[in-house]
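Structure record follows, encoded as structure tokens.
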Amino acid sequence: MASDALQAPGVTFSGTFSSPEPSADASVRRFKDLGLFVVSNVILLTLVGFSIFVLANTCAADDSHQWALSTLTTVFGGVLGWLIKR
């Protein structure tokens, strides 16, 4: 069937692959994606670090502990959701 068509005389297959975007656009897109990745990670790590600092601080009020714990729960839930894609 399909293998017979590949072995038939006079049948040749050829193909070319090319990038769908110019190389200049690709490098700009990669730079933008890398910048967004770095900025979002800095914000995420700052938020997590500050929340952990508030939770570890014994002088902080109970309200501060509640929002810090809620923030950490939301961040870890979002990261877990992003990792398992559900």
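The values are calculated or read from the model by the stated rules, or taken from the named source; none is laboratory data. Model, not experiment: these values are computed from the prediction. Glycine also receives a Cβ, built like all others from the backbone with ideal geometry; neighbour counts cover every protein chain displayed.
Taken over segment 36-65, the criterion of being more than 20 Å from the chain's Cα centre (by Cα) and either assigned to a loop (DSSP other than H, G, I, E, B) or surrounded by 12 or more Cβ atoms within 10 Å (Cβ to Cβ) (or both) is satisfied by 50, 51, 52, 54, 55, 57, 58, 59, 60, 61, 64, 65. Selection over segment 63-86 of residues that are over 18 Å from residue 49 (Cα atoms) and charged (D, E, K, R) gives a count of 2.
I need a count of the residues in segment 1-35 that are among the aliphatic types (A, V, I, L, M), in a helix (DSSP H, G or I) and either loosely packed, with under 10 Cβ neighbours inside 10 Å or modelled with pLDDT under 95 (or both). I'd like the intermediate steps shown before the answer.
The initial filter retains those residues of segment 1-35 that are among the aliphatic types (A, V, I, L, M), namely 1-2, 5-6, 8, 11, 24, 26, 28, 34.
In the following step, the residues that additionally are in a helix (DSSP H, G or I) were identified as 2, 5-6, 24, 26, 28, 34.
Retained after the next criterion (residues that are either loosely packed, with under 10 Cβ neighbours inside 10 Å or modelled with pLDDT under 95 (or both)): 2, 5-6, 24, 26, 28.
Summing the residues that are among the aliphatic types (A, V, I, L, M), in a helix (DSSP H, G or I) and either loosely packed, with under 10 Cβ neighbours inside 10 Å or modelled with pLDDT under 95 (or both) in segment 1-35 gives 6.
Cβ separations smaller than 7 Å between residues 6+ apart or across chains give the following pairs from segment 61-85 residues that are touching a residue at least 24 places away in the same chain (Cβ under 8 Å) and under 19 Å from residue 46 (Cα atoms) to residues that are among the polar types (S, T, N, Q) and part of a helix (DSSP H, G or I): 71/51; 72/51.
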